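The values are calculated or read from the model by the stated rules, or taken from the named source; none is laboratory data. Given the structure is predicted, the values throughout are model-derived calculations rather than measurements. Counting neighbours? That spans all protein chains shown, and the Cβs are built from the backbone with ideal geometry, glycine included.
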Amino acid sequence: MAEAHPVGFQWVMEAKRKGAKVFHVDPRFTRTSAVADEYVPIRAGTDIALLGGVVRYILDNELDFREYVLAYTNAATIVSEEFSDTEDGDGFFSGFDPETGTYVQDSWQYEGHEGSSGSGHTAQERDSAAGLTHESHGAPVGGQTRRDETLQHPRCVYQILKRHFSRYTPEMVERVCGISQAQFLELARAWTANSGRNRTGMLIYSVGWTQHSVGVQYIRTGAIIQLLLGNMGRPGGGVMALRGHASIQGSTDIPTLFNLLPGYLPMPHHAEHPSFDEWVDSIRHPGQKGFWGNARSFAASLLKAYWGDAATPENDFCYGYLPRLTGDHGTYQQVLNMIDGKIKGYFLLGQNPAVGSAHGRAQRLGMANLDWLVVRDLFMIESATFWQNGPEVTTGEIVPEECRTEVFFLPAASHVEKEGTFTQTQRLLQWREKAVEPPGDARSELWFFYHLGHKLREKLADSPLPRDRALLDLTWDYPTHGPHAEPSAEAVLREINGYDVATGRPLSGFAEARADGSTAIGCWIYSGVYADGVNQAARRRSRHEQDWVAAEWGWAWPANRRILYNRASADPDGNPWSERKRYVWWDAEKSEWTGYDVPDFEKTKPPSYRPPAGASGPEGIAGDDPFVMQGDGKGWLYAPSGVLDGPLPTHYEPVESPVRNPLYGQQANPTRKMYAHPVNSVNPSPPQEHAQVFPYVFTVSRLTEHHTAGAMSRTVSPLAELQPEMFVEVSPALAGEVGLTHLGWAHLVSGRAVIEAKVLVTDRLTPLRVDGRIIHQVWLPYHFGFEGLVTGDSANDLFGISLDPNVLIQESKVGTCDVRPGRRPIGPALLELVADYQRRAGIVPGQHAPAVTTDDEGKEHGAS
Amino acid sequence: MGLRTFIEGWPVYRQLTGTDPLGRGAAAKSDVSRALTARTDTADSVARSVCPYCAVGCGQRVFVKDGRVSQIEGDPDSPISRGRLCPKGSASKSLVTSPLRQTTVRYRRPYSTQWEDLELDTALDMIADRILAAREQTWEDVDTQGRPLNRTLGISSLGGATLDNEENYLIKKLFTAMGALQIENQARI
Ligand code: SF4
């Protein structure tokens, strides 16, 4: 965090000054480690084993915050007797379908809900990255559940959790992660001792957790611990995601993502959602408790914002205009389709996949096989010049005279040359004022898309084709200003906020959303950002003039709430758990919720409220159910649906690992998304043969002085000067083993690529003793490419394409490679070297190991 | 220079008679540094902004002189950053004023070995034509069972996490209306 989110890290240091104990878990010793109380080196890709060890430690020693756990989580809920755990299935839960490599989730449900709720078969959900829709709300589950408040029932969640993690002992943590038992126990003790009524512990992660084939389950394990310890919804608690771009949170909320519409509404699927009613019901789940019950209003209001007068209740608000998913249309599938010639045109809007995405060669070959490419950026990036300067030009794989891709480079406006909002990592929207006009032809995306939209509509004005109606009926009339006719970002923000269709009055929040076409809302979770016709995101009351919650600086979704589920900061009766941790509480005199933050609860619903039998929607949420976006109002220790690779996290080895999974016969996540394509490959892992061809683990991350794929830092002289060269960090032991010299060269080889880097021999990398042998890890920054002031080979070229099943994120925080001294070969010799490694490793491009691990005798594990 | 001016210009004199007995402030100031003014003092305007790099969201003040960015500093009012910026945020002025920035449209024809110039409006027009052609070639009205698809899989887009919410909103809205659903950004990776 000190490296990649330095200014945010000041708050960790403030907490430390006030007595907080800081643990830093990382494969590499960083600036964060240097000031932490304890640095815990870990083998990349084994965090679930570590965190699972903490869960076991909590449960075995009964250190959970019992009152919180009983009242606010599903610990007492009883699960179907059809459910069987990975302990019984050697790494598989019940319901695995080897045919599709996905689960049928019926047996995971709460007792009495088998088959009646949840996702059922998940193959289609995996393709549409359906897990992402849960960013704003829980997965479906029936509202009424059977519970055992004594937590003794063998099938209650608490007992299932206990059994599931029973083998995640300190010895096992040491064996899997390479963390000593003493250090593990110190971490577990500190975490539990600093949680409870009077104290809270906080968990902070970044893409070191998400970019894995089990990324979502990493976060789930963290959430389980934080729920068990009562650290959710309370000040100083929580699971903090540190996101990596100025508005990456915003671009998920208002998604430029294939599977989502604004506010986490799913993009419709051709078979699942043929009609508006079926689409809406799939979101709101009739009969379910919680606020998601109002989904019809949110959906209708979005379509109304899109298609205005043309959208009426009679025509289902033009639902028919929406394009439909049929499967996986994610960025990696797209790139493979480009290589196969299926995609005509590609827009790159401030993103540089030639350097920033996994398997850089596949990215560049894909771009070299388009009809046209539009690059909008501040600088001439690698993704615009691959046809001229890319590594494939040197190897002869891309010949400029034979490369057909027509490239348009359009300069973009910088952050000071346009106005608008970024949503930072805590869901806070901050408006930026415009300082100067953009230079020359540089324009904002707002300008580009607004005017592109007008051009398209002009060209189609006389079109009789039904398919052009969606463009022609679109509301697209934003006021413009200035010399370049820049559209008004405030007008767009007002539409995002939503308005009353008849009067144009901006809505005050999503509670005003209606399903009858009388409201239009561009993104329901942002409703309120323009309440009273005031740009709330532009508020800048100084921190000196308000309390520590700083509610008048910018605007947080939803409803300017700074801590989600903050009802949990009070006990079931509505009183603060302790004076020290007072945040939101029930004021009995005024009969309302009050506190420092906007209460995440209906303001006047008393703690004593009990729903009438059969109540659904918000009415079904009891006065002591803080998790109001969950179908049962509870925090989920166990997820009966919504997580595709299991109701509980399980340690699987990374897709590429030198280590045989010590916990289960199943080696890697059996539900991971794999692509059998000639350009793609996976290095062998045990129990497959030839794993020793790639004996070392590599991991990548950021430098303080560079940003992502380098387009905004390798082009900026002070930053380029601070970090001028691509390098690889290796331990002295590995340097000795391989014959590397400090400041000399090394090259690294995977089944996809070979890259070179300067060698930094350093104790920052610790050789780890894992399962009786030494595992060496090397570390690389991933910022370098072949354009800019400083250049170098791209670390992401080493990775293949394997994805997490829930959100289709790639495993790009861990892989295997070989490390060799000296510089890499160039030209065709480079290709020969990779081909030689592929031969030795038995890699056949286009084929991958079966999802289900097969042992030496050819026996499949678990999937009986 | 008269004797009096000479003596008063002497730092020790100023140190002993002025408000700076330790001689670390005004007393020690030279004429040169007295004549200096901060770029932030002489700015024509200041814009309240936010750092464009990571998602911490540090507050920035962008100082403008003669229509150009003259300085970017941390915003001391921000409860997030309390005026601080890391090396990247501090380099924001170099970012926006970098001589490497492209300020004109560049165009590479198929099979060409070089870039050419192109008018912005022409580029926009050509891109619009290519979108319509790609839709024409790849449009899917219905699936094999006659259920609506309303889409093109011939167009892709990548990027959004560095852009404004308002921009992402228009991007998604326009692409959705044209039937293009292969829209992705950094959040996926
Ligand atoms: S100044 Fe540094 S920490 Fe702050 S937002 Fe910018 S990049 Fe992030």
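Can you tell me how many residues in segment A:1-26 are within 13 Å of the ligand (Cβ to nearest atom) and within 28 Å of A:ARG43 (Cβ to Cβ)? Talk me through it step by step, then tell me what you get.
Here is the first cut: in segment A:1-26, the residues within 13 Å of the ligand (Cβ to nearest atom) are A:1-12.
The next check asks that each one be within 28 Å of A:ARG43 (Cβ to Cβ); those that pass are A:1-6, A:8-9, A:12.
Adding up the residues that qualify gives 9.
B:LYS93 versus (1) facing chain A (nearest Cβ under 7 Å); (2) of a type in the set (Lys, Arg); (3) over 29 Å from A:GLY522 (Cβ atoms): which is the lone unmet condition?
Among (1) facing chain A (nearest Cβ under 7 Å); (2) of a type in the set (Lys, Arg); (3) over 29 Å from A:GLY522 (Cβ atoms), B:LYS93 violates only (1).
For segment A:505-525, indicate whether the set of residues that are under 16 Å from A:ALA559 (Cβ atoms), in contact with a Ser or Thr (Cβ under 9 Å, 6 or more places away or on another chain), part of a loop (DSSP other than H, G, I, E, B) and within 14 Å of chain B (Cβ to nearest Cβ) is non-empty.
Looking through segment A:505-525, at least one residue is under 16 Å from A:ALA559 (Cβ atoms), in contact with a Ser or Thr (Cβ under 9 Å, 6 or more places away or on another chain), part of a loop (DSSP other than H, G, I, E, B) and within 14 Å of chain B (Cβ to nearest Cβ).
Has segment A:227-243 got at least one residue that is within 23 Å of B:LEU181 (Cα to Cα) and away from chain B (no Cβ under 14 Å)?
First, pick out the residues of segment A:227-243 that are within 23 Å of B:LEU181 (Cα to Cα): none.
There is no residue in segment A:227-243 that is within 23 Å of B:LEU181 (Cα to Cα) and away from chain B (no Cβ under 14 Å).
Please go through segment A:509-524 and pick out each residue that is touching an Asp or Glu at 6+ places or on another chain (Cβ under 7 Å) and either closer than 20 Å to A:ALA538 by Cβ or at pLDDT below 95 (or both).
Selection gives A:GLY522, A:CYS523.
Could you count how many residues in segment B:50-103 are near the ligand (Cβ under 8 Å from one of its atoms) and of a type in the set (Ser, Thr, Tyr)?
4
Of the residues A:GLY215, A:GLY208, A:GLY196, only one is small (Gly, Ala, Ser), touching a residue at least 12 places away in the same chain (Cβ under 8 Å), farther than 22 Å from A:TYR652 by Cα and buried (at least 19 other Cβ atoms within 10 Å of the Cβ); which?
A:GLY196
Could you please give the count of residues in segment A:411-428 that are within 7 Å of chain B (Cβ to nearest Cβ) and either in contact with a helix residue (DSSP H, G or I) (Cβ under 6 Å, 6 or more places away or on another chain) or within 15 Å of the ligand (Cβ to nearest atom) (or both)?
Residues flagged as within 7 Å of chain B (Cβ to nearest Cβ) and either in contact with a helix residue (DSSP H, G or I) (Cβ under 6 Å, 6 or more places away or on another chain) or within 15 Å of the ligand (Cβ to nearest atom) (or both) within segment A:411-428 amount to 10.
What number of residues in segment A:18-73 are charged (D, E, K, R), under 25 Å from A:SER166 (Cα atoms) and assigned to a helix (DSSP H, G or I)?
5
Does A:GLU382 satisfy the condition of being of a type in the set (Asp, Glu) and surrounded by 23 or more Cβ atoms within 10 Å (Cβ to Cβ)?
In short, yes.
Being farther than 30 Å from B:VAL56 by Cα and more than 7 Å from chain B (Cβ to nearest Cβ) is the filter here; which residues of segment A:430-467 pass it?
A:HIS454, A:ARG457, A:GLU458, A:LEU460, A:ALA461, A:ASP462, A:SER463, A:PRO464, A:LEU465, A:PRO466, listed by residue number.
When you check A:THR46 against the structure, is it of a type in the set (Ser, Thr, Tyr) and not assigned by TED's automatic domain parsing to the domain that holds A:ARG126, yes or no?
No; evaluated as a whole, the condition is false for this residue.
If you scan segment A:282-313, which residues turn out to be in a loop (DSSP other than H, G, I, E, B) and at pLDDT below 95?
Within segment A:282-313, A:HIS285, A:PRO286, A:GLY287, A:GLN288, A:GLY290 meet the criteria.
Going by what's in this entry, would A:TYR332 be described as in contact (Cβ under 8 Å) with a residue 12 or more places away in the chain, closer than 24 Å to B:VAL142 by Cα and not acidic (Asp, Glu)?
In short, no.
Please verify whether B:LEU118 is of a type in the set (A, V, I, L, M, F, W, C) and more than 7 Å from chain A (Cβ to nearest Cβ), treating the condition exactly as stated.
yes
Taking interchain pairs and intrachain pairs at least six residues apart, which have beta carbon atoms under 7 angstrom, with the first residue in segment B:66-92 and over 16 Å from B:CYS54 (Cβ atoms) and the second among the acidic types (Asp, Glu) and within 14 Å of the ligand (Cβ to nearest atom)?
B:GLY83/B:ASP75
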